[in-house]
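The values are calculated or read from the model by the stated rules, or taken from the named source; none is laboratory data. Just so it is clear, the model here is predicted, and its values are computed rather than measured. Heads up, the Cβs are rebuilt from the backbone with ideal geometry, glycines too, and the neighbour counts pull from every protein chain shown.
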Amino acid sequence: MEKELRLMKGNEAIAEAAIRAGADGYFGYPITPQSEILEYLMEANPQVTTGMVVLQAESEVAAINMVYGGAACGKKVMTSSSSPGISLMQEGITYIAGAELPCLIVNVVRGGPGLGTIQPAQSDYFQATKGGGHGDYHLIVIAPSSVQEMADFVELAFDLAFKYRNPAMILSDGAIGQMMEKVWLKPPKKRSEEILPWATTGKPATREHNIITSLDLDSERQEKFNMKLIAKYREIEEKEVRFEEFMTDDAEYLFVAYGTSARICQKALQLARVEGIKAGLLRPITLFPYPKKRLNELADTVKGMLAVEMSAGQMVEDVMLSVNGKTRVGHYGRMGGMIPTPEEVVENLKSFIKG
Amino acid sequence: MAELTFNDIIKPENLTYTKSKLMTDNVMHYCPGCGHGTAHQVLAEVLEEENLQSKTIGITPVGCSVLMYNYIDIDFQEAAHGRAPALATAVKRLMPDKFVFTYQGDGDLAAIGTAETIHTCNRGENILILFINNGIYGMTGGQMAPTTLVGMKSSTSPYGRNVSTMGSPIKMADIIAMLPGTCYVTRQSVNTPLGARKLKRAIKKAVQYQNEKRGTCFIEVVSNCPSGWKMTPVESNKWMEENMFPFYPLGDIKVPEEK
Amino acid sequence: MTEEIIIAGFGGQGVLSMGKIMAYSGMMQDMEVSWMPSYGPEMRGGTANVNVILSDERISSPILRSFDTAIILNQQSMDKFEHNVKPGGTLIYDGNGITRHPERKDITIYRIDAAEEASRLNMQKVFNMFVMGGFMKVKPILRTEYVIKGLKKSLPERYHHLIPMNEDAIKRGMELIRKV
């Protein structure tokens, strides 16, 4: 079957891509600006076509724990929410990480803290990339910057999640969730019938009983398990870094931005070039693992880096850690649901250059 | 007649009762006299007799029975506190042919997990919820539970449960029975052999109803906590009969129409 | 070619759906397109606006502050967006309810009295397609046949019987628009 071209909202693209990626289950709770995901899935009713389960849970807490239960069966399961709902899910997410289960969590970020606003923001970066819940763990975090990537990254996130038995998050925002763009949809895949050896699917005589848990009361064993997790995260950092570069060859100043901010910086870069400023852009696609190595290399050739993000300054800390003092690092951010315009980004680049 | 020696007595032909083959040899961490061990054994007997080992996924709670997965030889998922019914919902929806149960204490099911309990039952998920109600938080050292009786002392109600500041004990089974999604709600006990046999019959019915996809089955086991109640096992059983049973009367609360 | 557009007016004027039809039509003409709405309580009355970009190249920022074309359908939007039209750009507005007409000298201004005409013809349901016709006339980027296809794509099946009326509105809008 051929790819199919559609005009879709980012949220709808995620939903459709989940069906086509052969997802087994979606469990969610409505919250703006991502309710279209649940609505689209309910309308599409994949239970009758692919057998995918779609369930509106009583809360985000229940939704993430449904994901936990489904993932523990080795099923391809997911949830989505927006910032306040993702905060509620943190307990479940740390259990899932601790039990080493694959799943997909989508966060269509809105401004906070608290109930905040329903407009786009990138202020959940720390929560997404540094853990979020309690304990030492990481999610694999992927940041789409177009509707096409909202669709494509569903399958990518599932693949990485199963490859490493680790929860993966698509960190999007209200802008990408709500905007419509062209999207090429892949032909639908069948749901997998495979029974994974570690999954709880009923104990046959041929194996020991499988126990999915994050509990170990023995500290020595728990520490060994922590070391195993860290080794996994190091391997992910080694193998799974993804990023995109724009005009970095001759760039004297580098924007570092992801998601919606990266789109704005693409325009800002063009405007800056018209004014004779040799600007470039590095767009991290994976936020964990972060493209530390490449940023460190670029620090040798640029005069400074400006992190642009819709937050008070979160990702900028990773830029600083990556360049480790080799070059100047600045930050420009808008908050509370405000989206910077390309023009104001250029103005801020100019003042950054002046120092 | 010569007196029987120990070795004469333990011969296999003299066995009248044995643990289920599905019970592992791991030493249980439960306190002497606790009802959990009996409840586990009864459940394991049903799973064995109904040939369900390869079809069963159990969800354990946070509480004393958190390590239940060490004692019964079936696949288990260990849930976060109160969330077992959410896990069970997904497991059953994704694998409708499996036998799925949760095993939860009173803090897990009736306090922190109230929303999950109510909504799972309200959706009528085809699962079994086994609810062990001993009116106290055992694992964390004897704090007040939502089901702690009025006047009953615990480490967080040292002067006894005071209704005006701590609310009344909650009768979960009665609440659950009001929800159309549930098909079978019953209250049982494991303090006597008869009680254990009745519980076994109830679990067998729940297996049947789950097979018939008739909705949620909810079995409450009113049980004891010698350590938490600060009593000997015998005293705790007597106290349970005199105080718990009148407030949480045993017997069926809701039964489905026979087909 | 890149055309960066804002459509702004009241919720209920069909602002978002006009943008959607533009994006659909652009897509069917093999263009890159983006449609970025203001969302939230605005959707339920109050002001609504949408940024639409039609381009032959990969679209960078879907969120804009300056526009090649601004389509303005109420006074609040006029106050807010008149100054965001790029020098040399285009402003199209419906005169209905406008108390302060656009004043810029460095842009081309068109007026289309679509609300009045839609009301006269009892075609208020397709008011936005009069405006669409006006836009198509002064910015010949989208072709009518693709706009009709776009309508079919974006309208639920139960409204497909209204497509001929939409087509009439587009034609009338093309005649109606005039340079100020």
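Tally time: how many residues in segment A:313-338 are of a type outside the set (Asp, Glu) and within 19 Å of the chain's Cα centre (by Cα)? Break it down into steps so the answer makes sense when it comes.
We begin by selecting, within segment A:313-338, every residue of a type outside the set (Asp, Glu); these are A:313-316, A:319-338.
Add one more test, that the residue is within 19 Å of the chain's Cα centre (by Cα), and what stays is A:313-316, A:319, A:337.
So the answer is 6.
Report yes if residue A:64 is within 14 Å of chain B (Cβ to nearest Cβ), in contact (Cβ under 8 Å) with a residue 12 or more places away in the chain, touching a helix residue (DSSP H, G or I) at 6+ places or on another chain (Cβ under 6 Å) and surrounded by 23 or more Cβ atoms within 10 Å (Cβ to Cβ), otherwise no.
Values: within 14 Å of chain B (Cβ to nearest Cβ): yes; in contact (Cβ under 8 Å) with a residue 12 or more places away in the chain: yes; touching a helix residue (DSSP H, G or I) at 6+ places or on another chain (Cβ under 6 Å): yes; surrounded by 23 or more Cβ atoms within 10 Å (Cβ to Cβ): yes.
Yes, satisfied.
Please enumerate the residues belonging to segment A:176-194 that are in contact with a Gly (Cβ under 7 Å, 6 or more places away or on another chain) and among the hydrophobic types (A, V, I, L, M, F, W, C).
A:176, A:179
Restrict the check to segment A:198-213 and report whether at least one residue is within 9 Å of another protein chain (Cβ to nearest Cβ), within 19 Å of residue A:137 (Cβ to Cβ) and in contact (Cβ under 8 Å) with a residue 12 or more places away in the chain.
Scanning segment A:198-213, I find at least one residue that is within 9 Å of another protein chain (Cβ to nearest Cβ), within 19 Å of residue A:137 (Cβ to Cβ) and in contact (Cβ under 8 Å) with a residue 12 or more places away in the chain, so the answer is yes.
Per-residue answers, yes or no, for (1) surrounded by fewer than 22 Cβ atoms within 10 Å (Cβ to Cβ); (2) outside any strand (DSSP E or B); (3) within 14 Å of the chain's Cα centre (by Cα):
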{"position": "A:114", "(1), (2), (3)": "yes, yes, no"}
{"position": "A:123", "(1), (2), (3)": "no, yes, yes"}
{"position": "A:135", "(1), (2), (3)": "yes, yes, no"}
{"position": "A:144", "(1), (2), (3)": "no, yes, yes"}
{"position": "A:155", "(1), (2), (3)": "yes, yes, yes"}
{"position": "A:161", "(1), (2), (3)": "no, yes, yes"}
{"position": "A:177", "(1), (2), (3)": "no, yes, yes"}
{"position": "A:181", "(1), (2), (3)": "no, no, no"}
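Could you please find all residues in segment C:45-76 being within 14 Å of another protein chain (Cβ to nearest Cβ) and touching a Lys or Arg at 6+ places or on another chain (Cβ under 7 Å)?
C:60, C:61, C:62, C:66, C:67, C:68 - these are the residues of segment C:45-76 that are within 14 Å of another protein chain (Cβ to nearest Cβ) and touching a Lys or Arg at 6+ places or on another chain (Cβ under 7 Å).
Quick check on segment B:92-125: of everything there that is of a type in the set (S, T, N, Q) and not in a helix (DSSP H, G or I), which residue is nearest to the other protein chains (Cβ to nearest Cβ)? Explain how you work it out, then say what you get.
So the first thing to find is which residues in segment B:92-125 are of a type in the set (S, T, N, Q), and the list is B:102, B:104, B:114, B:117, B:120, B:122.
Going one step further and asking which of them are not in a helix (DSSP H, G or I), we end up with B:102, B:104.
On the way: B:102: 10, B:104: 13 Å.
Checked segment B:92-125; the qualifying residue nearest to the other protein chains (Cβ to nearest Cβ) is B:102.
Here are B:242, B:258: which of them is charged (D, E, K, R) and at pLDDT below 95? Working first, answer last.
On the way: B:242 fails: at pLDDT below 95.
Every option except B:258 fails the conditions.
Which condition does residue B:238 not pass, out of (1) without any contact (Cβ under 8 Å) to a residue 12 or more places away in the chain; (2) touching an Asp or Glu at 6+ places or on another chain (Cβ under 7 Å), if it passes all the others?
Exception for residue B:238: condition (2).
Scan segment C:159-180 residue by residue and report those that are within 16 Å of the chain's Cα centre (by Cα) and part of a loop (DSSP other than H, G, I, E, B).
C:177
Please work out which residue is farthest from the other protein chains (Cβ to nearest Cβ), limiting yourself to segment A:214-233 and to residues that are outside any helix (DSSP H, G or I) and surrounded by 11 or more Cβ atoms within 10 Å (Cβ to Cβ). Break it down into steps so the answer makes sense when it comes.
From segment A:214-233, those outside any helix (DSSP H, G or I) are A:214-218; that's our starting set.
Going one step further and asking which of them are surrounded by 11 or more Cβ atoms within 10 Å (Cβ to Cβ), we end up with A:214-216.
Values: A:214: 7, A:215: 6, A:216: 11 Å.
Here the answer is A:216.
Mind listing whichever residues of segment B:67-91 are in contact with a helix residue (DSSP H, G or I) (Cβ under 9 Å, 6 or more places away or on another chain), facing another protein chain (nearest Cβ under 9 Å) and assigned to a helix (DSSP H, G or I)?
B:84, B:85, B:86, B:87, B:88, B:89, B:90, B:91
If you scan segment C:15-44, which residues turn out to be more than 8 Å from chain A (Cβ to nearest Cβ), modelled with pLDDT of 90 or more and part of a helix (DSSP H, G or I)? Before you say what the answer is, go through the steps one by one.
Here is the first cut: in segment C:15-44, the ones more than 8 Å from chain A (Cβ to nearest Cβ) are C:15-19, C:21-22, C:25-26, C:28-31, C:38, C:41-44.
Add one more test, that the residue is modelled with pLDDT of 90 or more, and what stays is C:15-19, C:21-22, C:25-26, C:28-31.
Of everything in segment C:15-44, those that are more than 8 Å from chain A (Cβ to nearest Cβ), modelled with pLDDT of 90 or more and part of a helix (DSSP H, G or I) turn out to be C:15, C:16, C:17, C:18, C:19, C:21, C:22, C:25, C:26, C:28.
Please go through segment B:44-66 and pick out each residue that is β-branched (Val, Ile, Thr) and either facing chain A (nearest Cβ under 7 Å) or under 24 Å from residue B:208 (Cβ atoms) (or both).
The initial filter retains those residues of segment B:44-66 that are β-branched (Val, Ile, Thr), namely B:46, B:56-57, B:59-60, B:62, B:66.
Across segment B:44-66, the qualifying residues are B:46, B:56, B:57, B:59, B:60, B:66.
Go through (1) crowded, with 19+ Cβ neighbours inside 10 Å; (2) over 22 Å from residue A:142 (Cα atoms) and name the single condition residue A:288 misses.
(2)
Only one of (1) in contact with a strand residue (DSSP E or B) (Cβ under 9 Å, 6 or more places away or on another chain); (2) of a type in the set (Gly, Ala, Ser); (3) more than 10 Å from chain A (Cβ to nearest Cβ) is not met by residue B:33, so which one is it?
(1)
Testing residue A:56 on (1) more than 22 Å from residue A:20 (Cα to Cα); (2) without any contact (Cβ under 8 Å) to a residue 40 or more places away in the chain, one condition comes back false. Which one is that?
So residue A:56 meets the others, but not (1).
The conditions are (1) within 14 Å of chain B (Cβ to nearest Cβ); (2) within 19 Å of the chain's Cα centre (by Cα); (3) touching a residue at least 60 places away in the same chain (Cβ under 8 Å), and residue A:34 fails exactly one of them. Which is it?
Tallying (1) within 14 Å of chain B (Cβ to nearest Cβ); (2) within 19 Å of the chain's Cα centre (by Cα); (3) touching a residue at least 60 places away in the same chain (Cβ under 8 Å), residue A:34 fails exactly one: (1).
Specify the residue that is surrounded by the fewest Cβ atoms within 10 Å (Cβ to Cβ); the eligible residues are those in segment A:67-91 that are under 17 Å from the mean Cα position of the chain (by Cα) and small (Gly, Ala, Ser).
Top of the filtered list is A:87.
Sort out which residues of segment B:126-147 are surrounded by 24 or more Cβ atoms within 10 Å (Cβ to Cβ), assigned to a loop (DSSP other than H, G, I, E, B) and in contact with a strand residue (DSSP E or B) (Cβ under 6 Å, 6 or more places away or on another chain), and write them in order of number.
Answer for segment B:126-147, where residues must be surrounded by 24 or more Cβ atoms within 10 Å (Cβ to Cβ), assigned to a loop (DSSP other than H, G, I, E, B) and in contact with a strand residue (DSSP E or B) (Cβ under 6 Å, 6 or more places away or on another chain): B:127, B:145, B:147.
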